[in-house]
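This report refers to the structure that appears directly beneath it.
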Amino acid sequence: DAKTTQPPSMDCAEGRAANLPCNHSTISGNEYVYWYRQIHSQGPQYIIHGLKNNETNEMASLIITEDRKSSTLILPHATLRDTAVYYCIVRVGEAAGNKLTFGGGTRVLVKP
Amino acid sequence: GAVVSQHPSRVICKSGTSVKIECRSLDFQATTMFWYRQFPKQSLMLMATSNEGSKATYEQGVEKDKFLINHASLTLSTLTVTSAHPEDSSFYICSARALGRDTIYFGEGSWLTVV
């Protein structure tokens, strides 16, 4: 499995963009980068995923570097409800059953 | 998005008894379901992967006879914690992968307290 490295915590201001970095320097060519978040006492919520192109949806944008060794999740206008633990995960390939292996994540606190 | 539902959301059981947690995919067929456990202030730990109609694959260190997993249909998987002990108290979360899709969706989680 390609491992990911994320800062353990970060604060951001309500209404501002939140940029969450993730390093995955050992990622393989066929592995996707997935982002999930977990609000306290709930199951993880899917945010976005990508292979090599930048992606955007109603929740966030995902920027993947050209060498695919790192990525950034962007929450364009953070709200208090975005306070959560954000997990960057590289998905294991088909042979391993597509399982998601969680690391420590980044604990994001959005402040008023 | 796809919906995965777990039941019960909270359960308290006596030490030595067994408890079953259900995981259902409500609006899609799930070829593969995953069960995780999460202790307070820790990350999710994968316990096992189950495919419909076949035996579950357990992660190293997870006792298959203690955590029985049944994936009887494309929309239902169950986790039974047998002979529960207080140290089994945890947040149990299931997830499911839709047939033909890459994304995995998670249930709301089930809190188990063994007294």
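The values are calculated or read from the model by the stated rules, or taken from the named source; none is laboratory data. On a predicted model such as this, the values are computed, not experimentally measured, just so you know. So basically every Cβ, Gly included, is an ideal-geometry build from the backbone, and we count neighbours across all protein chains shown.
When you look at residue B:17, is it touching a residue at least 24 places away in the same chain (Cβ under 8 Å), more than 14 Å from every other protein chain (Cβ to nearest Cβ) and surrounded by 14 or more Cβ atoms within 10 Å (Cβ to Cβ), yes or no?
no
How many of the residues making up segment A:60-96 are at pLDDT below 95 and hydrophobic (A, V, I, L, M, F, W, C)?
So the count comes out to 5.
Is it the case, given these coordinates, that residue A:24 is more than 14 Å from every other protein chain (Cβ to nearest Cβ) and farther than 24 Å from residue B:39 by Cα?
yes
Filter segment B:24-46 for residues that are over 16 Å from residue B:4 (Cβ atoms) and under 13 Å from the mean Cα position of the chain (by Cα) and give the result.
Selection gives B:37, B:45.
For segment B:49-70: of the residues being within 10 Å of the chain's Cα centre (by Cα) and not aliphatic (A, V, I, L, M), which is modelled with the highest pLDDT?
Filtering segment B:49-70 for residues that are within 10 Å of the chain's Cα centre (by Cα) and not aliphatic (A, V, I, L, M), the one modelled with the highest pLDDT comes out as B:67.
Residues being modelled with pLDDT under 95 and within 10 Å of the chain's Cα centre (by Cα): count how many of those fall in segment A:5-47.
Residues meeting the conditions: 3.
List the strands (runs of 3 or more DSSP E) that sit entirely inside segment B:46-115 and contain at least 1 residues that are away from chain A (no Cβ under 13 Å) and buried (at least 20 other Cβ atoms within 10 Å of the Cβ).
In segment B:46-115, the matching strands (runs of 3 or more DSSP E) lie at B:67-73, B:76-81, B:110-114.
Just to be sure I understand the filter: pairs with C-beta atoms under 7 Å, separated by 6 or more residues or on different chains, first member in segment A:32-61 and within 11 Å of another protein chain (Cβ to nearest Cβ) and without any contact (Cβ under 8 Å) to a residue 40 or more places away in the chain, second member outside any loop (DSSP other than H, G, I, E, B) and of a type in the set (Lys, Arg). Which pairs pass?
Partner pairs satisfying both residue conditions: A:45/A:37; A:47/A:37.
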